[in-house]
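Let me give you the structure first, and then I'll get to my questions.
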């Protein structure tokens with residue numbers, strides 16, 4: 001059934017939670033998932049959604065940031081692997097494995113050094129920082145625990161060796177950049193968690209998890225970090 005005019009607009013507003021007062025800053029409304037009677041009217045809701053999408057398609061699309069960041073993917077790998085195990089969702093574990101394999105093939109060189117970003121299968125110019133090594137190692141550890149595949153434990157060990165060799169200063173303090181990274185006026189060193197864990201927090205967690213699984217031993221660098229399969 002098609003709906004039109006003001007009745008259609010009123011239905012769409014109720015469907016997505018748009019109010020005159022707004023639910024966000026300066027009277028704007030954040031669209032929500034449909035609930036209630038409007039959501040139950042599936043045919044009418046589908047019609048409204050299709051018409052809104054068609055209208056949106058006539059406007060210029062916003063820019064899209066589609067680069068791959070090593071640290072963020074490490075966090076995603078851990079979340080997918082653990083959620084897949086908890087809810088018995090092997091498809092989520094498979095997605096975690098695919099993401100981990102991409103990081104190994106694209107972001108990790110033969111000495112297990114990480115590139116921070118990539119796009120369309122090509123690595124960016126920036127070297128990985130502490131959070132990249134720590135988050136990716138933590139993701140690999142979660143995947144190793146869930147899948148039972150020892151290769152992910154090995155890769156996490158390679159990365160954590162680099163953390164110990166390249167990011168630890170005097171007295172065991174951690175730096176955000178490697179010893180051989182570009183020299184800055186002041187070498188960054190931030191232990192504060194924000195929207196994501198700080199490199200310090202992630203490194204401490206990954207080192208503890210690795211020691212629990214494999215013992216406190218150092219590993220040798222891999223001969224090839226291009227494939228995990």
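The values are calculated or read from the model by the stated rules, or taken from the named source; none is laboratory data. Remember, it's a predicted structure, so these values are computed and weren't measured experimentally. Here Cβ is always computed from backbone atoms with ideal geometry, including for glycine, and neighbour counts include all displayed protein chains.
Looking at residue 169, is it modelled with pLDDT under 95 and touching a strand residue (DSSP E or B) at 6+ places or on another chain (Cβ under 6 Å)? Even if it seems obvious, please write down each step before you answer.
Details: modelled with pLDDT under 95: yes; touching a strand residue (DSSP E or B) at 6+ places or on another chain (Cβ under 6 Å): no.
Taking the combined requirement at face value, the residue does not satisfy it.
Given the criteria over 20 Å from residue 205 (Cβ atoms), in contact (Cβ under 8 Å) with a residue 24 or more places away in the chain and assigned by TED's automatic domain parsing to the domain that holds residue 78, does residue 110 qualify? Talk me through it step by step, then tell me what you get.
On the way: over 20 Å from residue 205 (Cβ atoms): yes; in contact (Cβ under 8 Å) with a residue 24 or more places away in the chain: yes; assigned by TED's automatic domain parsing to the domain that holds residue 78: yes.
Yes: the conditions hold for residue 110.
So which of 106, 151 ends up being over 22 Å from residue 188 (Cβ atoms) and touching a strand residue (DSSP E or B) at 6+ places or on another chain (Cβ under 6 Å)? Please lay out each step first, then the result.
Working: 151 fails: touching a strand residue (DSSP E or B) at 6+ places or on another chain (Cβ under 6 Å).
Going through 106, 151 in turn, just one is over 22 Å from residue 188 (Cβ atoms) and touching a strand residue (DSSP E or B) at 6+ places or on another chain (Cβ under 6 Å): 106.
So is residue 205 surrounded by fewer than 19 Cβ atoms within 10 Å (Cβ to Cβ), within 21 Å of residue 82 (Cα to Cα) and touching a helix residue (DSSP H, G or I) at 6+ places or on another chain (Cβ under 7 Å) or not? Spell out how you get there, then give the answer.
Working: surrounded by fewer than 19 Cβ atoms within 10 Å (Cβ to Cβ): yes; within 21 Å of residue 82 (Cα to Cα): yes; touching a helix residue (DSSP H, G or I) at 6+ places or on another chain (Cβ under 7 Å): yes.
Criteria met by residue 205.
Do we find that residue 151 is over 18 Å from residue 66 (Cβ atoms), under 14 Å from the mean Cα position of the chain (by Cα) and touching a residue at least 24 places away in the same chain (Cβ under 8 Å) in this structure?
Working: over 18 Å from residue 66 (Cβ atoms): yes; under 14 Å from the mean Cα position of the chain (by Cα): no; touching a residue at least 24 places away in the same chain (Cβ under 8 Å): yes.
No.
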